[in-house]
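Student: Below is a structure I'd like to ask you about.
The values are calculated or read from the model by the stated rules, or taken from the named source; none is laboratory data. Note that this is a predicted model, so its numbers are computed, not measured.
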Amino acid sequence: MSNLPRVSLEDSLYVLQLARETALAQNRQAQAKRMMPVVEEMRSLVSTPPQSAAIPPSTGVMGQSDFKTLLNVTQSRVNQPPVVDSTASVMDRNRLIGAMSEANMTDVDIARQFSITREEVQLVLNVQQNNKSFSGDRSR
């Protein structure tokens, strides 16, 4: 039940209250009386704050402490107000995008971490791939 959005619970409570009030208006006291415990139970669900479920420990790359540190730094920056990016910070961000991709993180997850589009992530990764292949050709 904790996965239900709060709006859905509130809407359900509203519908149940309307059904009970309709039964009362139509002089169907027995039906309204039977609905009262359901309305009260739904009201208690709506009024109690949602409890967060325990998150299972991550395994693989996402469970490593250095990756968690990187993720925490990235998430804390996402919550800060946007600032004008300097060239150095864009380069740092692009390096992080490459590192996350090499750690088998999906484009969508990387985009969410940086609050950018998936296409921008793919562009950064394509440029990095082209730079690697270009630098490999120059060494010959």
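Student: Take segment 113-128 and flag every residue that is assigned to a helix (DSSP H, G or I) and modelled with pLDDT of 90 or more. Before you say what the answer is, go through the steps one by one.
Tutor: Filtering segment 113-128 down to residues assigned to a helix (DSSP H, G or I) leaves 113-114, 118-128.
Those that are assigned to a helix (DSSP H, G or I) and modelled with pLDDT of 90 or more: 118, 119, 120, 121, 122, 123, 124, 125, 126, 127, 128.
Student: Being at pLDDT below 70 and in a helix (DSSP H, G or I) is the filter here; which residues of segment 4-44 pass it? Let's see the steps before the verdict.
Tutor: We begin by selecting, within segment 4-44, every residue at pLDDT below 70; these are 4-7.
Selection gives 6, 7.
Student: Okay, moving on. Check whether at least one residue in segment 45-65 is assigned to a loop (DSSP other than H, G, I, E, B) and at pLDDT 90 or above, and report yes or no. Reasoning before the result, please.
Tutor: Looking only at segment 45-65, we keep the residues that are assigned to a loop (DSSP other than H, G, I, E, B), and these are 48-59, 64.
Next, only the ones that are at pLDDT 90 or above stay: none.
Taking every residue of segment 45-65 in turn, none turns out to be assigned to a loop (DSSP other than H, G, I, E, B) and at pLDDT 90 or above.
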